[in-house]
1. Accessible area per residue, 1.4 Å probe, Å², for chain A: what's the number?
2. DSSP loop (so not H, G, I, E, B), at most 16 other Cβ within 10 Å: list which GluC sites (Glu not before Pro) in region B:364-470 pass both filters.
3. Can you tell me, using C-alpha contacts under 8 Å and at least 6 residues apart, the relative contact order of chain A as a whole percent?
4. Considering only Cα-Cα distances, which of the following residue pairs are longer than 25 Å: A:165/A:449; A:341/B:302; B:302/B:412?
5. Round to the nearest 0.05 the FRET efficiency obtained for residue A:331 and residue B:201 when R0 = 60 Å and r is the Cβ-Cβ distance.
6. Please calculate the 1.4 Å probe accessible area of residue A:200, with all protein chains present, and give it to the nearest 10 Å².
7. Quick check: with the 1.4 Å probe, what order do B:62, B:389 take by accessible area, largest first?
8. Per 0.36 nm of contour for each residue apart, how much would the distance between residue A:236 and residue A:61 grow if the chain were fully extended, relative to their Cα-Cα spacing?
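The values are calculated or read from the model by the stated rules, or taken from the named source; none is laboratory data. Because the structure is predicted, anything quoted here is derived from the model rather than measured. Counting neighbours? That spans all protein chains shown, and the Cβs are built from the backbone with ideal geometry, glycine included. Calculation scope for accessible area: heavy atoms of the full protein, side chains included, ligands and nucleic acids excluded. Shrake-Rupley method; radii C 1.70, N 1.55, O 1.52, S 1.80 Å.
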Amino acid sequence: MSVPIPMVRPNDRPRDPDRCACGSGLRHARCCGLDLDEWPPAAQAEHLPPLVERAIQALRAGGGEAAETLCVAVLELAPTSLDALRLLYQIRKTGGLRQASEALIRRVVALAPNDVGAALELGLLLMDTGRLAEAEIHARNSVRLAPDIAQAHNLLAMVLTEAHKPQFGEHHYRMALRLSGTRDPILLANLAWNLKNQGRMAEARQLYEESAALSPDVPQTLLGWARLEEADRNFEAAARVLDRAETRFPSDARFKLTRAVLLGRQHRYEEALAVLATIASRNGESGLAAHELLEKGALLDRIGRPDEAFAAFEAGKRQGREIGGNRYYAQEAELLIGRLKAFFTAGRLSILPRARVLAEAPQPIFILGFPRSGTTLVEQILSAHPRIAAGDELPIIGEITATLPRLFESPLSYPDALAELWMADHADGLDELRDYYLRKVRQLGVMQKVGASRFTDKMPLNETHLGLIALLFPEAPLIHVIRHPLDVVLSTFSHDLTHGFFCAYELETVARHYLLVMDLVEHYRREMTLRYLPVRYETIIDDQEASVRRMLAFIGESFDQNCLNFHENHRYARTASYAQVAEKLYDRSRFRYRRYLRHLEPVVPMLRPIIERLGYTVDEVP
Amino acid sequence: MSEPARLRSSAPAVEVKLPLTQVLKIAQEYVNSGRIQDAQELLRAAIRAAPRDPEALHQAGIVAFQKGELEHAAELIELAIAVRPDASLYLRNICSIYERLGRYDEAVAAGARAVQLDPLDSNAMHNLSVVHQRLLRLDEALGYARRAITLDPASASPHLALAELLLLRGEMAEGLAEYEWRFRVPEARRHLPDIDRPQWDGAPLPEGSLLLIADQGFGDVLQFLRYLPWVAERCPRLVLACGPELRRLVEHNYPDLPVFDRWDARPSFAAFCPLSGLPRLHATRLATIPAKIPYIAAEPIKASAWSARLQTMLPHGYRRVGIVWSGREHPPNRSISLASLAPIAALEDICLVSLQMARAQDEVAGYFGCAPLLALGHEIADFTDTAAILANLDLVVTIDTAVAHLAGAMGKPAWIMLPYSPDWRWLLEREDSPWYPTARLFRQPAPGQWEPVVACIATALSAGQAMRAT
């Protein structure tokens, strides 16, 4: 999915109604309203380059305003002037106007598709705003354009690492290192972070040590290192790195946040809150940033102050909306889900082919569920079994939905492009998609675990594509993790997540997306035979052994004691739940909503029917 | 009735005034020509104009009943009765509506009052008989049925009611004789096509061919297929007419029997007989029910294909329990919901395989029980699939529907959930069935009470009770 993000950034200058809403300073007709077909790149008046040159000089001399005025003037006359666009982009980027920067750099990329620099800038910007799928397109393009430039590989590696494909990311970091010809400390630190995400903690630590020795004053490096140690439950080492960083960068809030997280993991909640308070007092009126607020909320929750915790979550999410410009893409979500329902019907499914099952290939187990339902826990339990490897959040099903039309040479998009399966030359299309999926699994190194013949894919919200999954893997076990809807909504709201069309930024939109997806799952279950097992998070807490036995029997594996001691499973889970699954089962998260019921009131009525359908009730704190 | 009703035609500005009696006549004509919706709208207008007119209320109640709006029908007729408490017609009709709603006490009271007011009303007697049958007050039910027949000997419904009561008590001779009225009740006329050949009388028919008609429901057909060898001894040349859903299963099990599923494709024949007529011709008594089980088997190729599929799709080492929870609307009181099987779904070490067909299979979408559930309704093309799946299950838990008969005919363990007042073939009180040695019957202890039935089954399942196949 790629969704355009309109940024809402208060412009510090008085608004001119003619000016483009993106904040570029150009007129709308010369900016986002521009028709590039009418203004080919060549259509530039010859007398303009000197003006751009003057602007560059003005900027160098510190005359930002003058440079800006000159750029706007040039672009008024020749809106496709690349030099002026690049310069204005620099100015807007420096000024922190993200929406304007994005609009400008996108125009440069559109006008000059071979400009590696612009592709890199755009890719980075998209990655920073969480739009990884689109970022990957531009990062790949920069590697295509300049396979010999280390930065191109570095960007692609960063995007792939964030997009749950760290194995591919590693490949490109190593390429970048080779091309740079040096042990570049930044690249080393980036690679270390990548390896940490693959759970290769010792290798990562070694690289951080090397990087910090070469260049001791890079805050990102120290930050990543501290977080590696924290994730590896090496709390003292993490504290040492933070001590070192804070003597060098005493005002850097990122270290304080990491310190707070570290203290929280050591159950030193009051101290953690005190650290966050120092950030807040230093920032004055602006207080804490979104991440810091969410962490504060989590800490307050742990010490039993739900009202304050909820206020912190709300403030964090408000910042995410107002400053990050994040909002739920309701229309897009409804459109897709509507189209899925219209396509996947019993009548059509009875005549659609299914991919053949490859007995010799590794067999997937799909762990489905809304974010924060307990999918990480289930994966951690199952992957403690000697025959089951952990695939983690595999992004492959999502990728298939995006590339399917191209693979099938279809003028339609997913899911309607599956209609190409009727054509003689695509009749085996599902086998092709199955192979695509299995090839990516192989490349991602999922099956490295010796003795494993199955692997898990726990991409949250994969249930949106349950129909497609069942066509590709008609015999794969589908384990749907169910949890009290109010707990799911509360927990999603209190975490920084982009899953589900960015629904996590408001309580109500989380609930709306939850309902849409659950309704879609019911649709699939009505329309087709599925090897589907609902598993309740609460039941796993209540009776772990029975749940584990049932899941393993359902999968077709014998019971294994290791699955009960899953917290000793030394696999590092990349997702937000990593700290939780490293603990033994605890029940403080079960029915947490009860203490927040007052704050959840706005979504209780809309969720009540599904709460009842799932067999839950809405209870006050006992 | 001179009070005019104000009627709104589709153009809202125009109002036509008609006398109420005429409006009611028009409404009745609408009903007779199947225009139920129009009739309902017209009657609504009539009631707006004359809110306490009992005829309008009663007629609207009947229309609501025909639309299946039972609660509303009862409310309307209650209003009519409030105005005219001695109208036996209203009382007789509300008796039947209460019966359908399971409000048996009210049904008995209304029916008794109707009979008291009009002791010669055969329909009222019949309705009262039906209510008593639902309550398993069989002596009273028989008494009213016989009185209804005395009052109107040519009316088929009381005869069929009598047949079912007698058969339920195991009084097969008279019961099967009365059962011959089944094609003459108004609702059943369409069950048989018009046939210009004589109905077979059970005597040997060595020359011409005998056309057997798979009448009634699928379950009845499966139950009475057991008579085929007996018929074949008397009539060597047999053909069977049956629905496409059963055709392939019958052909597999009776390879010498020509089967057709389109009436216009029938061959010529000398005589015909509905399958449901065979028990009478055979003079079946409880002790002489032909029960050479199994008389139906799954196709081996299909059975092994389903075996492989179920092996893949179901957890290993779990007992496989097929489930069916809903059937067609008639007979009433037999269907439940998937949700009401919750105590079974909560058990460990079993998995459920839904053989449910039609709309009710949608209920699997809301199943979140502990036992894994595999819903196969969409993959069942006809009864050969059902049979092949059953062949691979340990047990089927089902309401009184075709799957119960199929499992029984195959000699598979079938636990059958029965309403308090069951269909006649399940007889009374007993846990077993002379028709199907592998069936076990779980009966409602009181009308409408499914929970104890499901609880008994869950207990028996968790105790791991033997699920023996023949």
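1. 41 Å²
2. Sites meeting the loop and neighbour criteria: B:429, B:431.
3. 11 percent
4. As for pairs spanning more than 25 Å Cα to Cα, those are A:341/B:302.
5. According to the calculation, E is roughly 0.25.
6. 70 Å²
7. Greatest to least solvent exposure: B:62, B:389.
8. Additional length available on full extension: 58.2 nm.
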